[in-house]
Amino acid sequence: MSQRGYTLIEVMTVLVLIGILAALSTRASSSKAAASMAVMKSDLRNIATAQEAYYSTYLTYADNTADLNFSNSVNISVRLRGGETGWSGRAAHAVRDTWRCALYVGGGVTAFEPATEEGKMVCEPAVKASGCFGG
């Protein structure tokens, strides 16, 4: 009678290969998240520059990207609140909405979460809030 099955070495080899593949996919996923966050931060910095240029002309801050002639990056959603004395902006990835970044400058507008300190850009997992653009 012959027994069919796998040897311990064969099973261990398969488990090691599965572990290696899992580690590689985790790295790729975290790299994509880091890249998305860098793009969101870049968009907010560019908006800050555009807001100051807009303010120097109109003596108020814009409350939408169209007034700033700003085109956000691919797959990045941006929301703005603007007023006479300040502005707040939030960026989130439209597809991979696990993180969001926000910034506010001045006063007179409600800052988007997670921004809590004027002039300091803050990023956090979006799962802390009720949806990516809640608030």
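Sum -39500 (n - 2.57) across every DSSP H segment of at least 4 residues in the chain, then divide by the residue count to get the 222 nm mean residue ellipticity, nearest 500. Spell out each step's value before the answer.
Values: 1 runs with 51 residues, N = 135.
Taking each H run of at least 4 residues, the total per residue is -14000 deg cm²/dmol.
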Regarding the chain, what whole-number volume in Å³ per residue does the convex hull of its Cα atoms give? 127 Å³
Let me check something: with ligands and nucleic acids excluded, how do Asp43, Asp63 order by accessible area (1.4 Å probe), largest to smallest? Asp63, Asp43
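Set the Förster radius R0 to 22 Å, insert the Cβ-Cβ distance between Ser31 and Glu124 as r into 1/(1 + (r/R0)^6), and round the FRET efficiency to 0.05.
Details: r = 19 Å, r/R0 = 0.88.
Using R0 = 22 Å, I get an efficiency of 0.70.
For the stretch 1-87, with only Lys/Arg (+1) and Asp/Glu (-1) charged at the beta-carbon, what is the dipole magnitude about the Cα centre, in debye rounded to 20?
On the way: 7 positive and 6 negative charges, 88 e Å.
For this selection, approximately 420 debye.
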Could you work out how far apart the two model spin labels at Arg96 and Ala48 are, taking each label as a point 7 Å from the Cα in the direction of the beta carbon, and quote it in nm? 2.4 nm
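The values are calculated or read from the model by the stated rules, or taken from the named source; none is laboratory data. Keep in mind that what you see is a predicted model, and the values were worked out from it rather than measured. For neighbour counting, all protein chains shown are included, and Cβ atoms are generated from backbone atoms with ideal geometry for every residue, glycine included. The accessibility values were calculated without ligands, DNA or RNA, using every heavy atom of the protein model including side chains. Shrake-Rupley method; radii C 1.70, N 1.55, O 1.52, S 1.80 Å.
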